[in-house]
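To start, the structure under review is shown below, and the notes come after it.
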Amino acid sequence: MKTRDVTQIALMTALIIALAFVPAIPVAIIPVPIVLQNFGIMLAGLLLGGKKGTISVAILMVMVAVGLPVLTGGHGGAISFIGPSGGYLLSWLLMPSLMALFNRLLSKLFAKTSFWNILISTIIVSILVSYAIAIVWISVQMHITLQQSLLANMVFIPGDVIKAIIAAFIAQRLLPIINKNA
Ligand code: BTN
């Protein structure tokens, strides 16, 4: 791995941690807040791709596991993985490689990388896949039905769609520059 890759990974982890300083918005019906950190995870997948994106998120997860206050609101610790947000945290680790995979598939299917391919892969992974994992996790963790968990998680959709649109827009602008200098 080149110095340039290591720098990109470190900067991405730093960006995700910086987003933890944006205060969480609590949600009345579920003990999982609205946060901006998952926007950083979307960017990790889109800008760094599967391997480097996963490493940058994995570094964040190790920091959480050893108790560093790197999650929104300054929380951290292994307990975070078994709390109500545990499913989302697990999905964050999978998001970069899944986003890269869907992006590649859509680019092959439509023969080019467009804003829409980027946006669709971001929405498929950060909403469909990530929510599916979190909905099952929350249902088990909080002893509620899958339907109740599904309904409760719908509250995140508007915000996450907006984050996906902004992340796709940023990626479409930055990817040609990042790839040109690679
Ligand atoms: C944590 O800080 O412990 C993780 C919070 C996870 C919040 C999830 S990420 C996807 C969904 N969209 C949000 O804005 N919040 C939830």
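The values are calculated or read from the model by the stated rules, or taken from the named source; none is laboratory data. Everything numeric here is computed off the predicted structure, so don't read it as measured data. Every residue, glycine among them, receives a Cβ derived from its backbone with ideal geometry; neighbour counts consider all protein chains shown. All accessible areas refer to the heavy atoms of the entire protein, side chains included, with ligands and DNA or RNA removed. Shrake-Rupley method; radii C 1.70, N 1.55, O 1.52, S 1.80 Å.
In contact with a strand residue (DSSP E or B) (Cβ under 8 Å, 6 or more places away or on another chain), surrounded by 14 or more Cβ atoms within 10 Å (Cβ to Cβ) and closer than 19 Å to S130 by Cβ: which single residue out of A24, A100 fits that description?
The match here is A24.
Among the listed residues V70, V32, V64, which satisfies the condition of being over 25 Å from A152 (Cβ atoms), at pLDDT 95 or above and near the ligand (Cβ under 10 Å from one of its atoms)?
V70
Residue under question is L15, and the condition is that it be buried (at least 22 other Cβ atoms within 10 Å of the Cβ) and modelled with pLDDT of 95 or more; does it hold?
No, not satisfied.
List pairs: first in the range 152-168 and over 14 Å from L119 (Cα atoms), second near the ligand (Cβ under 10 Å from one of its atoms), Cβ under 6 Å, 6+ apart or cross-chain?
Filtered contacts from the range 152-168: A152/I30; N153/Y131; V155/V27; G159/I34.
For residues that are of a type in the set (G, A, S) and in contact with a strand residue (DSSP E or B) (Cβ under 9 Å, 6 or more places away or on another chain), scanning just the range 145-182, find the one that is nearest to the ligand (Cβ to nearest atom).
G159
Being β-branched (V, I, T) and within 19 Å of G76 (Cβ to Cβ) is the filter here, so list the residues in the range 1-33 that pass it.
Within the range 1-33, T13, I16, I17, V22, V32 meet the criteria.
Within the range 103-162, can you find the residues that are at pLDDT below 95, polar (S, T, N, Q) and open to solvent by 30 Å² or more (accessible area, probe 1.4 Å)?
T113
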